[in-house]
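Everything below concerns the one structure shown next.
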Amino acid sequence: MTTKSKFKDEGLASGSFHWYRVRARGTAGNSPWSDPARAMAR
């Protein structure tokens, strides 16, 4: 969990693919999960 608008996933093998989803957390509760996004590690 992070309070930032950016996230750096470290320690991944270069060229490997990973899927991510995010959601907001606030006083009214949690938002729905985002659509999945695929990213390749560099």
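Values in this text are rule-based calculations from the coordinates and carry no lab data. Bear in mind that the values here come from a model prediction, so they are computed numbers and not experimental data. Cβ: placed from backbone, ideal geometry, glycine included. Neighbour counts: every protein chain shown.
Descriptive notes on the structure:
- Of residues in the range 1-30 being of a type in the set (S, T, N, Q) and under 14 Å from the mean Cα position of the chain (by Cα), the one surrounded by the most Cβ atoms within 10 Å (Cβ to Cβ): Thr2
- Only one of the listed residues (Arg25, Arg42) is in contact (Cβ under 8 Å) with a residue 24 or more places away in the chain and in contact with a Gly (Cβ under 9 Å, 6 or more places away or on another chain). That residue is Arg42.
- For the range 10-42, a residue qualifies if it is on the phi > 0 side of the Ramachandran plot and in a strand (DSSP E or B), and exactly one does: Gly29.
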